[in-house]
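Remarks on the structure that follows.
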Amino acid sequence: MTAPFTLGGHEFASRLMLGTGKFSAAAVMLNAVKASGAQLVTVALRRINRERRDDDILGPLAELPGITLVPNTSGAMNAKEAFKAALLGRELSRSPFVKLEIHPNPHHLLPDPIETYEAARLLVKEGFIVLPYMQADPVLAKRLADIGCAAVMPLGAAIGSGRGLATLEMLKYILRESTVPVIVDAGLRAPSEAAAALELGCDAVLVNSAIAAAGDPVAMARAFASAVRAGREAREAGLMAARDAAAPTSPLTSFLQS
Amino acid sequence: MSLTVCSLNALAAPAQGAARATRPMHLTVNGEPMELPGAPTVGALLDALGADRARSAVLVGDDVVRASAWDAHALAEGDRIEVVTLAGGG
Amino acid sequence: MLPDWLEPPPEALAGLNASEEEAGAALACEAPGIRQFAALLSPRADALLETVAQRARDATARHFGKTIALYAPLYLSNLCGSGCAYCGFASDRRQARRTLGAAQIDAELDALAAKGFEEVLLLTGERTARAGFDYVLDAVARAAARFHLVTVESFAMTAEEYGALARAGCTGITLYQETYDPEVYAAVHRWGPKRDYRFRLETPARALAAGMRTAGLGVLLGLAEPRRDALRLFRHVEHLRRRYWQGGIAVSFPRIRPQRGGFTPPHPVDEKLLARIILAFRIAWPDLPLTLSTRERAEFRDGMAGLGISRMSIESRTTVGGYRGGAEESGGQFEVCDQRDLRGFCAALEAKGLQPVFKNWDAVYR
């Protein structure tokens, strides 16, 4: 057993968070959620459909034991819209969590740091447990933690890009100074990348496209669950050091007196 | 996506305050124009939309209207309303 | 009770007795934490000292380049009512007491500025009626008019006082816990306000929260078991780096040398252990400014410059009013071992391929 993951005062055994978008069918998504063992599951808001009944994803998700919904603010272009989206998400999910995401550019979906910061401030004041999606920017990570965010969610790479931990060096800075959990969100493609994030010291990862767009989403959800568990176990066990051969040079320490 | 301008006069029950009911109220619902007869409430709007009340949340202007207040909350001419539900998302 | 953030985890304590093998693994670790830090302090790590030094030198060069920041200390007053057993300024030590007046402070500052210094460290004893907060505040304002960096090593102050000092142009404080061992701390701080361990422990945080840009930490090596003190110092650094991420944390390595009135350190630290501690800090914290004073001999200072150490004092007079070569000198706080003048020291650094740097920050926007 690895140490539980605490987020906003709530404890979770699983360090894999799952997104529910982009699946071929609601049933596949539900089976993937089950297979992943994820306890924190993100959902989006959508305007109701007037032509036909919407797929009811809330009902079946809510029936799964031990699932906490985390509504996101996707679609919001600025802080004001994100704030409203969060309020609506809370009405629907009865969850204190919100995944704050503001990405005004529809092509790369990279987060707007200025609007995200402003929205985080408002949402913390409103009593939300705020999980902001953000660039892997060490200064922004501190600023968001300083105003009361419960975690930071730096991206590994752009949403859906499958480029893995492209921000590795910046993640190291964030981890070194963070006082809140660090959750890598977006960009992962392979379970090995999720394991690497956990080995590095990240507290959790959020995966969506890598599972939804896999050949067999349910099997891939299982694979990510194993990888996240392995990565965390390795982190707690303590990795052995890689070793370089020492390069002989002229002595640097001959001046020392005993 | 087709733009549906919905006139709900046909759906509305025979108006009690017949004189007022003849002038429809103009609303913007989920970004589209919509007319409702009489003095509609949020609850009446949801019924008109055929929305599943258990899976809907409502924003009128900048304010969330909680489910317990839907049937009492009167809409006003020109209100901008969002009716949303949960969907898959990352 | 010590706060949780200060206590090293059990595996770090165990690391102090690491084998050579384990120390080697720690040295090779890509991102060393407190466990690896502890292993590098193990006596068995001595066998790897040369390799440790190489890694520390490379890390120092990567972050600080081939430069050494220089500063000059200025002792304003050696009045002190405290009874710190190890200090030459303690109130039961018999020595001449002096407090510089405003005109003397100006003259000393001018003398340092004329030598080319851009950073000055102002020092006093514990708070006294003559050399209290207003006195320090006035000295800071005088120094800020002449120097780009003004730091203060003085008594522990309140948040309001630090705020006022920062507004007057003080850029940072240096305040050593002396030892993190509560029992030794209580024994050596025989009387005076410094007896309050927790108040002192929380002082760097208070100063940073009040607007100071930098806080220098340290332990007086020799008072308590030095490697355990080093572990808690590591934890203190870690705590402040996380909480006050905009503040610059620095670490100094003062080692007890003999003084007048003689205090024999109960845990003497030799050069090898001192070097091991400095190198371990550099390897664990590649970007932390590490300071070495003139307490150490010239050969040791030259050897450690760039080998972990990134900031050094020179031409120190630990006596009050020492720079103008005035007739009446007071007693010193400690004995200056590296007696070279600024020019001689700079020449030694340059011969090692290191550039002395007097200024790397300017308060243009204040």
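The values are calculated or read from the model by the stated rules, or taken from the named source; none is laboratory data. Note that the structure is predicted; figures quoted are calculated from it, not measured. Here the Cβ is made from the backbone with ideal geometry for all residues, glycine too, and neighbour counts use every protein chain on show.
Things worth noting here:
- Top-ranked residue of the stretch B:33-54 - restricted to ones that are more than 16 Å from B:W70 (Cα to Cα) and within 14 Å of another protein chain (Cβ to nearest Cβ), ranked as surrounded by the most Cβ atoms within 10 Å (Cβ to Cβ): B:M34
- When the criteria are applied in full, A:E91 meets the requirement of being at the interface with another protein chain (Cβ under 8 Å from one of its Cβ atoms), among the acidic types (D, E) and assigned to a helix (DSSP H, G or I).
- Options A:A38, A:A3: the member that is surrounded by fewer than 15 Cβ atoms within 10 Å (Cβ to Cβ) and outside any helix (DSSP H, G or I): A:A3
- Selection of the stretch C:22-54 for residues being of a type outside the set (A, V, I, L, M), assigned to a helix (DSSP H, G or I) and within 11 Å of chain A (Cβ to nearest Cβ) yields C:E22, C:G24, C:R35, C:Q36, C:D46, C:E50, C:T51, C:Q54.
- So A:S209, is it touching a Lys or Arg at 6+ places or on another chain (Cβ under 7 Å), surrounded by fewer than 24 Cβ atoms within 10 Å (Cβ to Cβ) and either of a type in the set (F, W, Y) or modelled with pLDDT under 95 (or both): yes
- Checked against (1) assigned to a helix (DSSP H, G or I); (2) more than 14 Å from every other protein chain (Cβ to nearest Cβ), A:R163 passes all but a single condition, namely (1).
- Odd one out for A:I67 among (1) in contact (Cβ under 8 Å) with a residue 24 or more places away in the chain; (2) farther than 20 Å from A:V33 by Cα: (2)
- Matching residues in the stretch A:43-74 - criterion: being assigned to a helix (DSSP H, G or I) and more than 7 Å from every other protein chain (Cβ to nearest Cβ): A:G59, A:P60, A:L61, A:A62, A:E63
- Residue within the stretch A:27-36 that is out of contact with any helix residue (DSSP H, G or I) (no Cβ under 9 Å at 6 or more places or on another chain), within 11 Å of another protein chain (Cβ to nearest Cβ) and not basic (K, R) present: no
- Hey, C:L79 without any contact (Cβ under 8 Å) to a residue 60 or more places away in the chain and in contact with a strand residue (DSSP E or B) (Cβ under 8 Å, 6 or more places away or on another chain) or not: yes
- Hits in the stretch C:104-128 (condition: among the aliphatic types (A, V, I, L, M), assigned to a helix (DSSP H, G or I) and in contact with a helix residue (DSSP H, G or I) (Cβ under 7 Å, 6 or more places away or on another chain)): C:I105, C:L109
- Of all residues in the stretch A:179-194, those satisfying the criterion of being at pLDDT 95 or above, under 20 Å from A:L7 (Cα atoms) and in contact with a helix residue (DSSP H, G or I) (Cβ under 8 Å, 6 or more places away or on another chain) are A:V180, A:V182, A:V184, A:A194.
- Among the conditions (1) modelled with pLDDT of 90 or more; (2) over 12 Å from the mean Cα position of the chain (by Cα); (3) of a type outside the set (S, T, N, Q); (4) surrounded by fewer than 15 Cβ atoms within 10 Å (Cβ to Cβ), B:V5 misses just one, which is (1).
- Scanning the stretch A:126-155 for residues that are of a type in the set (G, A, S) and over 30 Å from C:F234 (Cα atoms) yields a single hit, A:G127.
- Where A:M77 falls short, out of the listed (1) more than 10 Å from chain B (Cβ to nearest Cβ); (2) in a helix (DSSP H, G or I): (2)
- The one condition in (1) away from chain A (no Cβ under 11 Å); (2) modelled with pLDDT under 90; (3) surrounded by fewer than 20 Cβ atoms within 10 Å (Cβ to Cβ) that C:A103 fails to fulfil: (2)
Matching residues to (1) within 11 Å of another protein chain (Cβ to nearest Cβ); (2) part of a loop (DSSP other than H, G, I, E, B); (3) more than 30 Å from A:K142 (Cα to Cα):
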| site | (1), (2), (3) |
| --- | --- |
| A:L171 | no, no, no |
| A:L175 | yes, no, no |
| A:R189 | no, yes, no |
| A:R232 | no, no, no |
| A:M240 | yes, yes, no |
| A:P251 | yes, yes, yes |
| A:F255 | yes, yes, yes |
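- Within the stretch C:2-21, the residues that satisfy the criterion of being acidic (D, E), assigned to a helix (DSSP H, G or I) and more than 9 Å from chain A (Cβ to nearest Cβ) are C:D4, C:E20, C:E21.
- Qualifying residues in the stretch C:112-143 (those that are crowded, with 21+ Cβ neighbours inside 10 Å and of a type in the set (G, A, S)) - the one nearest to the chain's Cα centre (by Cα): C:G125
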